[in-house]
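Shown next, in C-alpha cells, is the structure this report addresses.
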Amino acid sequence: MTKTVIAVRHVEFEHLGSFAAILEDRGYTVRYVDAGINTISTSHSDDADLLVVLGGPIGAYEDDRYPYLTDELALIQRHLAAKRPILGICLGAQLIARALGSKVYPGSKKEIGWSQLNINNQIDGNLLEYLTLNNNQVLHWHGDTFDLPDHASCLASTDVTPNQTFIVGDTVLGLQFHIEVLSGEIERWLIGHASEIAATDGVTVEKIRSDTSKYGPALEKAARTIFSDWLDRAGL
C-alpha cells in the first residue's frame, strides 16, 4: 500500500526541508499542493497518512484577501476529524490552531532570525529536548501568534511569543518556528523575504546569514531526531 504525505505549500522555498529525507527513508511519497495555484480539496486528506501545512508570509485570518485559506481550513478540519497525524509549521501551525477553535492574531512584535527557545521542562518526554544539542537555537520568521488550543500542551516559548508550539495527543503538532530549514538554502529565504527584512528594525541579511552558518548544521541534526521521534509517536 502506498504511504502518502500531503504537504500544503505557500511559497516555493518554504518546503519540507530536512524532513523530506526522513519521510523518503520511511517509504512515504510526498505530494505538494501549492496554495493559490492548485485546487485545495478536502479529498486530499482521504488518502494521506500525514498532512503537513507549511509556512508563508500571510495571515491565517486573511480569508478576505486569500480565499483559498477557507479551503485549507476545511482540509485541516477534515483531517483532524479523521484523527490522522497532522503537522503545521509557522503559518501551518496558526491554521491548525484556528481550526481547533483558537484565535490567531498579530504578536507584540515580529520575530525574525535565530534565537533561543525556552523549553517547557514540565512536559514529560518533551519532543524539543533534543534542541539542547543546538543550545535551543531555532529560526523564527513570524509576526502573528495564537492562543493555545483546548487540550493542547505548550512545549516551548520565547519572551516575545508565549505559545511557540503545541501538541495535542501524539498526532497533532504545531511549530511556530522553523526547524525544518536547510542551512544551505538560507539564501532563498533572504531573497524571498528581502522586503520584510529591510522593513524590520534590528534584522539584517548579514546577521541571519552568519547565525545560520553558526547554528544551522546542529539544528538540522536535532530536527531529524525531533521529527523522527514524533513520527514514531504518531504511528508513522
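Read-outs throughout are calculated quantities, based only on the coordinates presented, and are distinct from any laboratory measurement. Since this is a predicted model, take the numbers as computed values, not measurements. Cβ sites come from the backbone with ideal geometry, for glycine too, and all protein chains shown count toward neighbours.
The table that follows gives values for the structure above.
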{"item": "Whole-number D in µm²/s for the stretch 121-236 (Stokes-Einstein; Kirkwood sum over Cα pairs; 10 °C, 1.306 mPa s)", "result": "103"}
{"item": "Filtered trypsin sites (Lys or Arg not before Pro), the stretch 80-130: DSSP coil and at most 15 other beta carbons within 10 Å", "result": "K83, K103"}
{"item": "Förster radius 30 Å - calculated FRET efficiency between D25 and A194, Cβ distance, rounded to 0.05", "result": "0.30"}
{"item": "Listed residues G17, G202, G216, most fluctuating in the chain (Gaussian network, C-alpha, under 10 Å)", "result": "G202"}
{"item": "Residues in the stretch 120-154 reached by a label modelled at D232 [backbone nitrogen below 17 Å; 7 Å Cα→Cβ]", "result": "124-133"}
{"item": "Top positive-direction residue, dipole computed over the stretch 3-233 with Cβ charges, set A20, L69, G59", "result": "A20"}
{"item": "DSSP-defined antiparallel bridges as percent of all bridges, the stretch 3-233, nearest 5", "result": "50"}
{"item": "Neighbour-count ranking [beta-carbon atoms within 10 angstrom, fewest first] of I76, I37", "result": "I37, I76"}
{"item": "Over the stretch 3-233, volume per residue of the alpha carbon convex hull, in Å³", "result": "115"}
{"item": "Computed lengthening from D63 to T132, 0.36 nm per intervening residue step minus Cα-Cα distance", "result": "21.1 nm"}
